[in-house]
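Structure record follows, encoded as C-alpha cells.
The values are calculated or read from the model by the stated rules, or taken from the named source; none is laboratory data. Just so it is clear, the model here is predicted, and its values are computed rather than measured. A quick note on method: Cβ atoms are made from the backbone with ideal geometry, for glycine too, and the neighbour counts reach across all protein chains shown. What goes into the accessible areas is simple: the full protein's heavy atoms, side chains included, and nothing from ligands, DNA or RNA. Shrake-Rupley method; radii C 1.70, N 1.55, O 1.52, S 1.80 Å.
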Amino acid sequence: MRQLPLGLGPQEVPTFDNYAAGPNRAAVEHLRGLNGQHAPPPVYLWGESGTGKTHLLRALAHEVAALGGRVGWFDHTAGPGEFDEGWRLVVFDSCERYAPADQHRAFATFVQATTHGQLIAAAGRWPPIDLPLREDLRTRLGWGPVFQLLPLSEAECRAVLRQAADRRGVFLSDEVMSYLQTRFSRDLGSLMSLLDRLDRFALATQRAVTIPLLKQMLAEEGAPVAQGEFR
C-alpha cells in the first residue's frame, strides 16, 4: 500500500490532523464524522494531482483501524482480496485507472459492501460522471456526497513547506522557497519529494540548503521525477 503524506516527512502516517486542509475543510469534516455512522451513503473525493485524495482516504482508514475496524483497500494495482463481511470500511482509490477486470471486481465489492452496511469511500481524478467506467459502477460512486478537493494557494503551500522544513531542522530561505515554487511542479506532493531529496543531499554534503546546493543536487542526481498522482 502506497503512502504519500501531505506536507510531512515520509515516515509519518497520514491523518486528518496532519492534512493541510486549506479550502477542503468541508470534505475533511465530513470524513471525520463517518466512523460514528451506520451505513452512510458512499463518499467520493475528486481533484487534480497534489490535492491529497489518497491522504484523506488513508486518514479515514487509519482512524477506523485505530478503533479496531478492518479495512478493505481497492486501487488499480491490487484489489481488496476476498470480500470480508467484517470490514468496517471499503476504500476505492484511483478509480479512473480501473481496467475492465478491475471494474468488474470493484462493482461486486461495492454491492457487497453496501449490502453489509459497510462504510464506502472512494476517490479519483475526475467527478463520477466523467470517469471512464462501466455505468453501474460510475453511478454508484456518485450515490452520496461528492467533494472536489482544491489545491492549496501559493501562500498556504509555502506555509506547509516551511513547517515541514522546520520539522526536519532545515532552514529554507525565502530565496530557496521562491525558487522551488517557480521552477518545479507546484503540486505539494512533488514539492515535498523534492524537499526530502534536498534534505538528504544537504546532510550528505554537510552544507546548508541554498540554490547552488539545489542546482548541484539536480546536476548530480537528475531533475525531479513526476510523482504521478499524489491523491
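Overview of results
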item: Scan of region 51-74 for residues that are open to solvent by 10 Å² or more (accessible area, probe 1.4 Å) and assigned to a loop (DSSP other than H, G, I, E, B), ordered by number; result: Leu67, Gly68, Gly69
item: Any chance Leu149 is touching a residue at least 40 places away in the same chain (Cβ under 8 Å), surrounded by 22 or more Cβ atoms within 10 Å (Cβ to Cβ) and within 23 Å of Ala20 (Cβ to Cβ); result: yes
item: Residue under evaluation Gln112, criteria (1) part of a helix (DSSP H, G or I); (2) modelled with pLDDT of 95 or more; (3) farther than 21 Å from Gln37 by Cβ; (4) out of contact with any Pro (no Cβ under 8 Å at 6 or more places or on another chain), criterion not met; result: (3)
item: Matching residues in region 16-37 - criterion: being more than 18 Å from Cys157 (Cα to Cα) and open to solvent by 20 Å² or more (accessible area, probe 1.4 Å); result: Ala26, Glu29, His30, Arg32, Gly33, Asn35, Gly36, Gln37
item: In region 12-49, residue nearest to Ala106 (Cα to Cα) [restricted to those that are in a loop (DSSP other than H, G, I, E, B) and touching a Pro at 6+ places or on another chain (Cβ under 6 Å)]; result: Pro14
item: Thr182, sole failed condition from (1) surrounded by fewer than 15 Cβ atoms within 10 Å (Cβ to Cβ); (2) modelled with pLDDT of 95 or more; (3) over 22 Å from the mean Cα position of the chain (by Cα); result: (2)
item: Unique residue being of a type in the set (D, E, K, R), open to solvent by 50 Å² or more (accessible area, probe 1.4 Å) and either under 30 Å from Phe201 (Cα atoms) or in contact with a His (Cβ under 8 Å, 6 or more places away or on another chain) (or both) when the list is Glu135, Glu154; result: Glu154
item: Every residue from region 10-53 that is more than 21 Å from Asp196 (Cβ to Cβ), hydrophobic (A, V, I, L, M, F, W, C) and in contact with a helix residue (DSSP H, G or I) (Cβ under 9 Å, 6 or more places away or on another chain); result: Phe16, Ala21, Ala27, Val28, Leu31, Leu34, Ala39, Val43, Leu45, Trp46
item: Residues of region 75-109 classified as among the hydrophobic types (A, V, I, L, M, F, W, C) and touching an Asp or Glu at 6+ places or on another chain (Cβ under 7 Å), total; result: 1
item: Residue satisfying condition, being loosely packed, with under 12 Cβ neighbours inside 10 Å and either closer than 23 Å to Ser94 by Cα or of a type in the set (Gly, Ala, Ser) (or both), within set Gly142, Gly169; result: Gly169
